[in-house]
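Trainee: Dumping the structure here so I can ask a few things about it.
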Amino acid sequence: MEKNFIKKVKVFIYNFSKFTFISYVLVLLFISTIGSLIMIYDNNHRIVRFLERKLNFKHINQEDLTTPIINESNYNIDINNEKKSLENLKGDEHLYGYWTKAFDWPVIAVHSILLPDETVLSFGSLAGENIDHDDHQSIFINKKIKLTDGREIERDVGEKQWEHHNVFWGSDFDIWDPKLGLDKNSHHTMVDPIKVNSFCSIIKVIDSENVFILGGDEKQARKNKLKSGPDTQKATVLYNIKNKKFRRFADLNYERWYGSAVRLKNDQILILGGRDNADLTDNLDIDRESTVPEILIKENNTFSWKVLHNIKSEEFFGRKNNGYNYPKAFLTKNNNVFGLSYNKMFLISDLQNRGAIEKVGEIPLVNNPFKIDIMNQKPNTKSSQERIVLGSIGSPLGWNSSTVMLRDNEIVTLGGIENGHLPSNHVYSIDINNPKNPILKRLSNMHFPRSNQNATIFPNGDLFVNGGNMLQEDVHGDVYGDNFSVLTPEVYRYKRNKWTKLRETNYRRNYHSTSLLLHDGKVLVAGGDTWNAQIYYPPYLFEKNRDGSISFAKKPFFKLLKSETKNEPGKKIIAKINNIEDISKISMISGGSITHSQPSELKYMELKFEKLNDNKLSVYLPEANHVNDGFYLLFAINSKGSPSLGQSLILN
């Protein structure tokens, strides 16, 4: 009896233990499953991107599309027939300007460069093979296009169709001739004309024939048609404008992905910043930043790049605060170079010898950042939510700020992000007449905080700022803040220290977008993550008549007798004019070359002039000795503020 009882107790204990163990295992499995589901939910965008990368899986939600489309009928100036478009104008274009509809562009214009022959070089992505409208589709609508690696993609949908850098590529180049309009005959697209990847490179127009392309990205494998090649981050390339041919030049000593360049007075080129973008490892201990500048020299009729070890700088060109990423740099007095790296101002001097570098000031930080993200459910439509982001605005800093020389020796910097803050609407002026002791002055704030914006100098010396975003975050389909795009451009009136809002556009232009002043005073706006572009007509291109109608403003006649001259302080050049027109100003602006929010050493200068006779003017180059050699646009402005057609001038 006792044995049977003990036996039953043992069986009970065994069964209970077994049940307890199984229950424990089931509970663990349940908890693990719930945890995995939570992890999958929290990381769904990463999983989607993994599937896109490994299985060519595409995840596009129509409701997630971030391209805001305003009624296209509001954007109906036809660049091919401008006069016919006048009947469609609103009547306030002389105040706010006007936009064309977005039209096809063969590449995503990550890089846009104005050339002296009035054409535009652009590149930065795989080209669209069938964007030549053979199917008779309108150039003004979204459409499916076929890329040069065989993929089909929608023109306007954007980065939701690929893993972020999957389509960006610096081997397909396009030349657009504005005089030929907008159709396929106006473009000359070159697919892989030279085995380099010039994505995120530096571009300088040297003279009327040559464009220098310095550095870039590694040469990664491209699907289907086009084969991979060697790493070309040290490559330099010369593009010949007249014969549309590329050729390799002397290689750099260091990789220069995201570098900057300054053309010096002795026709040398200084290159600084950049990094090695090779996909080695995610180990942050590997030194990839190119902290040693180098200079192009000519010895025994041979060009080479000389390393300047004496001005190596981790502080200005290192990893911290992305100092290597397109540092801002300008030629100043005595062949010295003034620059900005995050909030630090530096001066490079003694370049005729070993070189020297020193810190000369700082843009003050705001510090103490905060950010609050609120999802506000609307009471009447519970399924609908509004997202509100509250946060602090810091100083105008970093690689996604924009910096130009808006007057002689006066640099203006705006936008960007101070670490931890929302994008900035702050603007600073930096007087570098004494570059060792720069004078900092706070200017009026922009109407909108912006990062990844573009800055373009108008012929009258005012500053046009367009695009950018008010929030930058890393979530699927919104890596660069497309859902918080700034669609309203604004212009800084220099003499009044005042910002004025201009006509709203209907396409976002954020990271990888560009804007470029053309010879006719219009602005080409392109890139971002779409194969399209627009033309912005600034207010100075219009005038209001006595009857209230709007017409295109009459341009003063202005033509240089020579398009090339020696770069000497105060040198006289001769221009033809029309005697009946009152010329109030002659301006000189660097030929545009822009990428990643940064116009390459963009400068504006006002030139002295005097009337020689009824049909001629003498125009005098600046007396300063820090005007770079290279390509410039000269405009004559009449008493009504209307600019002439820009004249190309090469200083050498």
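Trainee: List residues of the range 434-459, by number, whose backbone nitrogen lies under 15 Å from a label position 7 Å along Cα→C-beta of T488.
Mentor: 445-450
Trainee: Quick one: order F557, F249 from most to least accessible surface, probe 1.4 Å. Kindly include the intermediate steps, with their values, before the conclusion.
Mentor: Working: F557 95, F249 40 Å².
Of F557, F249, the descending order of accessible area is F557, F249.
Trainee: Continuing with the same structure: Quick one: of K495/K555; K184/K234; K566/K611, which pairs are farther than 30 Å apart, Cα to Cα?
Mentor: Flagged as over cut-off: K184/K234.
Trainee: What's the local net charge at K608, with K and R +1, D and E -1, over the other residues with C-beta under 14 Å away?
Mentor: With Lys, Arg at +1 and Asp, Glu at -1, the neighbours total 0.
Trainee: Sort 236-243, 339-346 by packing, meaning the average of other beta carbons within 10 Å per residue, with the highest value first.
Mentor: The most tightly packed comes first, giving 339-346, 236-243.
Trainee: Hey, rough spin-label estimate for D251 and N437, points 7 angstrom out along Cα→Cβ, what's it come to in nanometres?
Mentor: 4.7
Trainee: Of the listed pairs K90/K559; K306/K441; K242/K559; K312/K608, which have alpha-carbon separations greater than 29 Å here?
Mentor: K90/K559; K306/K441; K312/K608
Trainee: With 31 Å as the limit, write out which pairs from K204/K572; K244/K265; K146/K603 have Cα-Cα distances beyond it, or answer none. Could the numbers behind the result be given before it?
Mentor: On the way: K204/K572 25 Å; K244/K265 28 Å; K146/K603 39 Å.
Beyond 31 Å between Cα atoms: K146/K603.
Trainee: Given contacts defined as C-alpha pairs under 8 Å and at least six residues apart, what's the relative contact order of the range 581-652, whole-number percent?
Mentor: Averaging sequence separation for qualifying contacts and normalising by length gives 34 percent for the range 581-652.
Trainee: List the trypsin sites (Lys or Arg not before Pro) within the range 89-157 that fall in a DSSP loop (any state other than H, G, I, E or B) and whose Cβ has at most 16 other Cβ atoms within 10 Å.
Mentor: Working: sites: K90, K101, K143, K144, K146, R151, R155; in loops: K90, K101, K143, R151, R155.
The qualifying sites are K90.
Trainee: Evaluate the relative contact order of the range 524-634 (contact order divided by residue number), counting alpha-carbon pairs under 8 angstrom at least 6 apart; express in whole percent.
Mentor: It comes to 22 percent, rounded to a whole number.
Trainee: Still on this structure, please answer the following. What FRET efficiency, computed as 1/(1 + (r/R0)^6) with R0 = 51 Å and r the Cβ-Cβ distance, is obtained for N497 and N625, rounded to the nearest 0.05?
Mentor: Values: r = 29 Å, r/R0 = 0.57.
The computed FRET efficiency comes out at 0.95.
Trainee: R503: accessible area at probe 1.4 Å, nearest 10 Å²?
Mentor: 40
Trainee: Can you give the local net charge around P622? Use residues other than it whose beta-carbon is closer than 12 angstrom to its beta-carbon, Lys and Arg +1, Asp and Glu -1.
Mentor: Numbers: positive: R407, K571, K603, K608; negative: D408, E568, E606, E623.
Around P622, the surrounding residues sum to 0.
Trainee: Another question, if that's okay. For the range 576-652, take every pair of Cα atoms, bin their distances at 5 Å starting from 0, and report each bin as a whole percent.
Mentor: Over the range 576-652, the share of Cα pairs per 5 Å bin runs 3, 14, 23, 24, 16, 11, 5, 2, 1, 0 percent.
Trainee: Related question: If a paramagnetic tag sat 7 Å from the Cα of V389 along the Cα-Cβ line, which residues of the range 436-461 would have the backbone N under 19 Å from that point?
Mentor: 446-454
Trainee: Sequence-distant or interchain residues sharing an amide H contact under 5 Å with G394, placed H: which?
Mentor: So G394 has HN proximity to E418, L422.
Trainee: Ok, one more. Give me the net charge for the shell around K585: Cβ to Cβ below 15 angstrom, other residues only, Lys and Arg +1, Asp and Glu -1.
Mentor: Numbers: positive: R407, R493, K495, K555, K608, K611, K640; negative: D408, D462, E581, D582, E606, E610.
So the environment of K585 carries a net charge of +1.
The values are calculated or read from the model by the stated rules, or taken from the named source; none is laboratory data. Fair warning: this is a prediction, and the values are worked out from it, not measured in the lab. Please note: Cβ atoms are built from the backbone with ideal geometry, for glycine as well, and neighbour counts cover all protein chains shown. Keep in mind that these areas ignore ligands, DNA and RNA; they rest on the heavy atoms of the full protein, side chains included. Shrake-Rupley method; radii C 1.70, N 1.55, O 1.52, S 1.80 Å.
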